[in-house]
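Working notes, beginning with the structure itself.
The values are calculated or read from the model by the stated rules, or taken from the named source; none is laboratory data. Everything numeric here is computed off the predicted structure, so don't read it as measured data. Cβ atoms come from the backbone with ideal geometry, glycine included; neighbour counts cover every protein chain shown. The area values use the complete protein model at the heavy-atom level, side chains included, leaving out ligands, DNA and RNA. Shrake-Rupley method; radii C 1.70, N 1.55, O 1.52, S 1.80 Å.
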Amino acid sequence: TMSSPPDPLVGRVILGRYRIVRPLAQGGMGVIYLARSEGAAGFVKPVVVKRIQSSFVSDDSMVNLFKREARIMSNLRHPGVVSVIDFGHEHGAYFMVLDYVHGFHAGRWQRFVRSTRGPFPVAFALQIVLSVLDALDYAHTLTDAEGNSVGIIHRDVSPSNVLIDVDGHVKLADFGIARTAAEATEVQTEAGTIKGKFPY
């Protein structure tokens, strides 16, 4: 079988301090990499780097969505939400640097448990749901410096966007198609269109 060409980003340092280690996943508009933040005196910390697929780099609407996601996530400081560490532009591409969650998404955890131990325990499922609801409540009720509601609605809550680390902490990820209260009056979603994944 023919192997795909090596990713030119692997091994490179971006934004002055993040070395790309390997690709982790590829989505509809972005590629996610495992990277490491390199600092003084041998300081190394794992991070995740997200960038727009090269085929979308010249698509202004996709670039604006990506910049918007970084802006929305930069407002969110909650233990149940993946944090944005950095955001920058280099070599014609935008990069978002995110907290690394050492674990798997909820869909993979559920498949693993079912294949090795049988039915997924109800108590675990409820704990995951309660953690996600706590994070969503925080995002929905967030206010800006003037006390106005930011009104962030995630719109893509699905197992692949719910990360669970090896210690059992639950974090909500991917606010790529979220909307805010300010946008609700400016930009209406086309009638009849569905955002997110249809089953959810």
Q: Can you send over the carbon and sulfur percentage of the accessible area for segment 15-67, probe radius 1.4 Å, protein chains only?
A: 54
Q | Stretchable slack from Phe112 to Arg77, in nm (0.36 nm times residue separation minus alpha-carbon distance) | A | 9.6 nm
**Q.** Potential extension, Arg155-Val10 segment - 0.36 nm per residue separation minus Cα distance
**A.** 49.0 nm
Q | For the chain: accessible area per residue (Å², 1.4 Å) | A | 60
Q | Highest-first arrangement of 70-83, 8-21, where packing means the average Cβ count within 10 Å | A | 70-83, 8-21
Q | Estimated FRET transfer efficiency (Thr141, His102; beta-carbon r; R0 30 Å; 0.05) | A | 0.55
Q: Just check the chain against the gyration tensor rule for me: Cα atoms, a ≥ b ≥ c as the square roots of the eigenvalues, rounded for a/c under 1.5, and otherwise prolate or oblate depending on whether a/b exceeds b/c.
A: rounded
Q. Separation between the Asp134 and Ser55 pseudo-spin-labels, each 7 Å from Cα along Cα→Cβ, expressed in nm?
A. 4.0
Q | Amide N of segment 26-69 lying under 17 Å from the label point, which is placed 7 angstrom from the Cα of Asp165 along Cα→Cβ | A | 34-37, 44-49
**Q.** Distance from segment 134-177 to segment 66-125 (C-alpha centre basis), Å
**A.** 10
Q) Which of rounded, prolate, oblate describes segment 39-147, given a ≥ b ≥ c as roots of the alpha-carbon gyration tensor eigenvalues and a/c under 1.5 marking rounded, otherwise prolate only if a/b is larger than b/c? A) prolate
**Q.** Within the chain: Cβ-based charge dipole about Cα centre, in debye rounded to nearest 20 (Lys, Arg +1; Asp, Glu -1)
**A.** 760
Q: Compare the peptides 86-93, 103-110 by average per-residue count of other Cβ atoms within 10 angstrom and give them in order, highest first.
A: 103-110, 86-93
(Q) I'd like to compare 29-42, 169-182: which one has the highest average count of other Cβ atoms within 10 Å, and what's the full order after that? (A) 169-182, 29-42
